[in-house]
Amino acid sequence: MFTASFILPSCEKDVIDLMESYYTESMGLDNVTLDSVKSFSSKVNNYVTVYPSEKEHPLYPKIQNNIKSASMRITLTCDTTWDGTITIRF
């Protein structure tokens, strides 16, 4: 019983620290490739599958927003040597 009192609180702290770690990592997703964003998203999704109660963590929606923001990027590169007209329709 004495040993269990040390083990159980440390497991809960690890779960909380992991969400904070994920949030910190999610803040830099705009600077990585889309493959890395997808990999990170999978890592978070796997984690909340194992610990579904973590979806209620206050940082979880922020992590999801950071993933969504990093996933929706459009990069346009223009070739200024082209002399013709280019029309782009969305």
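The values are calculated or read from the model by the stated rules, or taken from the named source; none is laboratory data. Keep in mind the model is a prediction, meaning the values are calculated, not measured. Neighbour counts run over all protein chains shown; Cβ positions are idealised from the backbone, glycine included.
Condition check for residue 54 on (1) closer than 23 Å to residue 20 by Cα; (2) free of Cβ contacts under 8 Å to residues at least 24 places away in the same chain: one failure, at (2). Out of 53, 69, 41, one residue alone is surrounded by 10 or more Cβ atoms within 10 Å (Cβ to Cβ), more than 9 Å from the chain's Cα centre (by Cα) and not basic (Lys, Arg). It is 69. Looking for whichever is modelled with pLDDT of 95 or more, part of a helix (DSSP H, G or I) and not acidic (Asp, Glu) here; the options are 62, 13. Which one fits? Only one candidate passes the filter, namely 62. If the condition is being charged (D, E, K, R) and surrounded by 11 or more Cβ atoms within 10 Å (Cβ to Cβ), then the stretch 20-38 contributes 20, 25, 30, 38. Looking at this structure, is residue 3 outside any helix (DSSP H, G or I) and at pLDDT below 95? Answer is no for this residue. Cβ-Cβ distances below 9 Å connect the following pairs, each with a first residue in the stretch 60-83 that is of a type in the set (Val, Ile, Thr), a second residue that is surrounded by 10 or more Cβ atoms within 10 Å (Cβ to Cβ) and assigned to a loop (DSSP other than H, G, I, E, B), and a separation of six or more residues or different chains: 63/57.
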